[in-house]
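The values are calculated or read from the model by the stated rules, or taken from the named source; none is laboratory data. Quick caveat: nothing in here was measured; it's all calculated off a predicted structure. Every residue, glycine among them, receives a Cβ derived from its backbone with ideal geometry; neighbour counts consider all protein chains shown.
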Amino acid sequence: LLLYSLYIHIPFCIHRCSYCDFNTYAGLDALIPAYVDALLKEAAYLYRSYGSRLPVHTLYLGGGTPSLLPAMLLQRLVDGIGECFELRSDLEFTLEANPGTINLDYLQSIHTCGVNRLSLGVQSSHPEELHLLERQHNVFDVIEAVKWARQADFQNISLDLIYGLPGQTLEGWEQTLEFILKLSPDHLSLYALTLEAGTPMQSWMRRGLLPVTDEDMTADMYEQASVFVENAGFEQYEISNWALVHPSTRLLSSQHNLQYWRGLPYIGLGAGAHGYVDHTRLANLRHPAAYIRSMGEVKTPPAFPLTPATHESHHNELKEDMGEYMMMALRLVKEGASVKEFKERFGCEMDEVYAEQIRRLIVLGLLKWDNGGEILSLTRRGRLLGNQVFVEFI
Ligand code: SF4
């Protein structure tokens, strides 16, 4: 049975952080109730056009700041989603939350709604770094958020950090890592800062107001973090993601993100959300007001998997599906790209289709064969230069 993942985008934030280029908006909170209505209409639309409830094994509310959704609206959303999709009994249900926007009451309520995985945007333990990033929380908010989440019985807590910040030192980064490990998370996502065009931080950097990020130092921070968190009992399963090896349970890797990396289908609901269904890539209208409007309009209904909010769709050719599989699967540092899986999905041999690219990347020391030639994966050096590898498969 082919299981789907469902992503719901919540494009609202209290303030736009200096480095953020996500599809999110500050000051539009008044739209939230109408936005939830529109999400439910989009879900109902897919239910009708598909003709039955698609089986969903992961549900992810990302943003933006999903924790700005009042618990009552979240309950309404979950109930409506449950009517339009078949939510599996072992559903992984993640909600992204920002420390400082949640309290114990709220966490207990959303746990009751079925949320069983919390992803907290911590980013740093240093006040000056949080200030530079224009995050709205402080370290005390983080400590409390994690404490309350445990009290509310969350057993799968993921923390996000950013490194490679202007002026950041290896020592400062290590202090941040020490700080978060003391919070006993189950999962860690560590991202290098990327300077996106049009963000305040990029313009400060261009005008010489901030020291330029040192790429070698960022690479050293990645290496340092890998050793540090692995010594603390975490296993790396993706370029930027580590999961704690619990002696009694399975590795708490993000099942939702694994769906993307394994090239499996997912549905995206909401403003700017992306989907991948029946070999078709989909993207919705980006602005929440335009999204809400589109779901209110009566027009000729497009066929599944499109909805009235679909802004772009592209049916992948076989070659595109193969390239995307390679790019995504190679992000999985242990699981890698599987020769058998490739053959089953595409009916041809991976090492014939990509003979030249694989040979070149192995010579460069960026890729290696594992399991007697069954699995192709990044070397340790390749993990640092992932983009150089992925571009070969486009
Ligand atoms: S909280 Fe997250 S989504 Fe919102 S502005 Fe900051 S970085 Fe962007």
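Kindly evaluate residue 58 against the criterion of being hydroxyl-bearing (Ser, Thr, Tyr) and touching a Lys or Arg at 6+ places or on another chain (Cβ under 6 Å).
Details: hydroxyl-bearing (Ser, Thr, Tyr): yes; touching a Lys or Arg at 6+ places or on another chain (Cβ under 6 Å): no.
Criteria not met by residue 58.
For the stretch 45-62, what are the residues that are of a type outside the set (S, T, N, Q) and under 22 Å from the mean Cα position of the chain (by Cα)?
Taking the stretch 45-62 and keeping what is of a type outside the set (S, T, N, Q), we get 45-48, 50-51, 53-57, 59-62.
Passing the criteria: 54, 55, 56, 57, 59, 60, 61, 62.
Residue 48 meets the conditions (1) closer than 30 Å to residue 195 by Cα; (2) away from the ligand (no atom under 16 Å from the Cβ) in every case but one. The failed one is (1).
Taking the stretch 1-28, which residues are of a type in the set (Ser, Thr, Tyr) and within 16 Å of the ligand (Cβ to nearest atom)? Step through it out loud before you land on a result.
Looking only at the stretch 1-28, we keep the residues that are of a type in the set (Ser, Thr, Tyr), and these are 4-5, 7, 18-19, 24-25.
Once the filter is applied, which keeps residues that are of a type in the set (Ser, Thr, Tyr) and within 16 Å of the ligand (Cβ to nearest atom), the stretch 1-28 yields 7, 18, 19, 24, 25.
Annotation note: Cβ proximity below 8 Å between a residue of the stretch 15-41 that is among the basic types (Lys, Arg) and a residue that is away from the ligand (no atom under 16 Å from the Cβ) (sequence gap 6+ or interchain) occurs for 41/295; 41/296.
Does residue 31 satisfy the condition of being surrounded by fewer than 21 Cβ atoms within 10 Å (Cβ to Cβ), modelled with pLDDT of 95 or more, over 21 Å from the mean Cα position of the chain (by Cα) and within 16 Å of the ligand (Cβ to nearest atom)?
Numbers: surrounded by fewer than 21 Cβ atoms within 10 Å (Cβ to Cβ): yes; modelled with pLDDT of 95 or more: yes; over 21 Å from the mean Cα position of the chain (by Cα): yes; within 16 Å of the ligand (Cβ to nearest atom): yes.
For residue 31, the condition - surrounded by fewer than 21 Cβ atoms within 10 Å (Cβ to Cβ), modelled with pLDDT of 95 or more, over 21 Å from the mean Cα position of the chain (by Cα) and within 16 Å of the ligand (Cβ to nearest atom) - is met.
Among the residues of the stretch 91-114, at least one is out of contact with any strand residue (DSSP E or B) (no Cβ under 7 Å at 6 or more places or on another chain), at pLDDT below 95 and either more than 20 Å from residue 149 (Cα to Cα) or of a type outside the set (Phe, Trp, Tyr) (or both).
For residue 299, are the conditions met, namely being at pLDDT below 95 and not in a strand (DSSP E or B)? Here the answer is yes, as residue 299 does meet what is asked. Within the stretch 47-66, being in a helix (DSSP H, G or I) and out of contact with any Phe, Trp or Tyr (no Cβ under 7 Å at 6 or more places or on another chain) holds for 47, 48, 66. The set of residues from the stretch 120-138 being over 16 Å from residue 189 (Cβ atoms), within 16 Å of the ligand (Cβ to nearest atom) and in contact (Cβ under 8 Å) with a residue 40 or more places away in the chain comprises 129, 132, 134, 136. Here the condition is being among the hydrophobic types (A, V, I, L, M, F, W, C), touching a Ser or Thr at 6+ places or on another chain (Cβ under 8 Å) and touching a residue at least 40 places away in the same chain (Cβ under 8 Å); of 244, 170, 188, it holds for 188 alone. Selection over the stretch 146-176 of residues that are within 27 Å of residue 256 (Cβ to Cβ) and either β-branched (Val, Ile, Thr) or in contact with a Pro (Cβ under 8 Å, 6 or more places away or on another chain) (or both) gives a count of 6.
The set of residues in the stretch 354-373 being on the phi > 0 side of the Ramachandran plot and not in a helix (DSSP H, G or I) consists of 365 alone.
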